[in-house]
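Worksheet: the structure to be examined is printed underneath.
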Amino acid sequence: MQLTNPGNYDSLYSEKKAFLRWPADWVLRFDNMFLRDNLPVDARVLDFGCGSGNNSIPFLKFGFEVHGVEVAQHSAELIAENLDFHSLPQSFLARVLFQDPPVIRLPYQDDFFDLIISNQVHYYSTDEAELHEVNQELRRILKPGGTIFATMMGPSNYYITDWTARVSGSGIHEVRIEAPEHRLNGVSEDILLVRDTDHLLDLFQEFQPLTTGYFDQSMFDMKSNFHFIFAGTK
């Protein structure tokens, strides 16, 4: 993971600037369209880069055994608040692993999870080689026939079109939001950009594709939040 990103998110979480209360609608849509018919009742779920725990909420409500991995320590306070808000047990926090980047070795046995969710996380890899190392580790802990759902930033995302300060030779876009009126003023992120669907499939070649797609929304100061979607299996 780019070294600027963990500290950046610790700051955002401590100030509640990136406090998400509800699960992403594209995660819920994938559940409605695929997961509800393809997860066992005793499923183990990993929320990789769980942030404030918002995408863990529905799986906790379903009664699954949910684990989280996160690099920003201040997210613990937001997870606890979310659990309280949704009337869920605080014991979930005991299954959240706070680990320094790069997160390429996890303390889970082989074939442990039925589902891995990685929402807006993979593109914080330092480069494509590190992303593949992450995927190799996630493949190791995913059960045969298990599912991975991941999203990756695409070129029409307004982070890229409006706030890219520099592009390095490795394809990393240095995003710097410098606008006092912007809700995320001061954000500094390094993003591994996905160029197109073929590039997406190459980055997730460790898995057998189930489907690819994208989501895009525009509201307030967000002109476009275009992300590619990859869903695959082991």
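Filter region 78-88 down to the residues that are exposed (fewer than 15 other Cβ atoms within 10 Å of the Cβ) and touching a residue at least 24 places away in the same chain (Cβ under 8 Å) and list them by number. Within region 78-88, just Phe85 meets the criteria. The set of residues in region 193-221 being touching a residue at least 60 places away in the same chain (Cβ under 8 Å) and surrounded by 15 or more Cβ atoms within 10 Å (Cβ to Cβ) consists of Leu193, Val194, Leu203, Phe204, Glu206, Phe207, Leu210, Tyr214, Phe215.
Just one of the listed residues (Val45, Val71, Val66, Val41) is in contact (Cβ under 8 Å) with a residue 12 or more places away in the chain, aliphatic (A, V, I, L, M) and closer than 25 Å to Ile177 by Cβ, and it is Val71. Of all residues in region 132-154, exactly one satisfies the criterion of being outside any helix (DSSP H, G or I), out of contact with any Ser or Thr (no Cβ under 9 Å at 6 or more places or on another chain) and closer than 17 Å to Gln109 by Cβ, namely Lys143. Scan region 131-167 for residues that are in contact with a Lys or Arg (Cβ under 7 Å, 6 or more places away or on another chain) and buried (at least 22 other Cβ atoms within 10 Å of the Cβ) and the total you get is 2.
Would you confirm, using the coordinates I've provided, whether Arg36 is among the basic types (Lys, Arg) and either surrounded by 17 or more Cβ atoms within 10 Å (Cβ to Cβ) or in contact with a Ser or Thr (Cβ under 9 Å, 6 or more places away or on another chain) (or both)? Walk me through how you get there before you give the answer.
Numbers: among the basic types (Lys, Arg): yes; either surrounded by 17 or more Cβ atoms within 10 Å (Cβ to Cβ) or in contact with a Ser or Thr (Cβ under 9 Å, 6 or more places away or on another chain) (or both): no.
No.
Filter region 168-192 down to the residues that are more than 29 Å from Pro144 (Cα to Cα) and aliphatic (A, V, I, L, M), then identify the one that is surrounded by the fewest Cβ atoms within 10 Å (Cβ to Cβ). Spell out how you get there, then give the answer.
Residues of region 168-192 that are more than 29 Å from Pro144 (Cα to Cα), as a first pass: 168-191.
Retained after the next criterion (residues that are aliphatic (A, V, I, L, M)): 172, 175, 177, 179, 184, 187, 191.
Numbers: Ile172: 20, Val175: 23, Ile177: 18, Ala179: 12, Leu184: 16, Val187: 19, Ile191: 24.
Per the stated criteria, the residue is Ala179.
So which of Arg105, Arg21, Arg36 is more than 27 Å from Ser188 (Cα to Cα) and of a type in the set (D, E, K, R)?
Details: Arg105 fails: more than 27 Å from Ser188 (Cα to Cα); Arg21 fails: more than 27 Å from Ser188 (Cα to Cα).
Result: Arg36 is the single residue among Arg105, Arg21, Arg36 that is more than 27 Å from Ser188 (Cα to Cα) and of a type in the set (D, E, K, R).
None of the figures in this text is laboratory data; all of them are computed from the coordinates on show. All values derive from a computational prediction rather than experimental measurement. Positions of Cβ are backbone-derived with ideal geometry, glycine not excepted, and every protein chain shown enters the neighbour counts.
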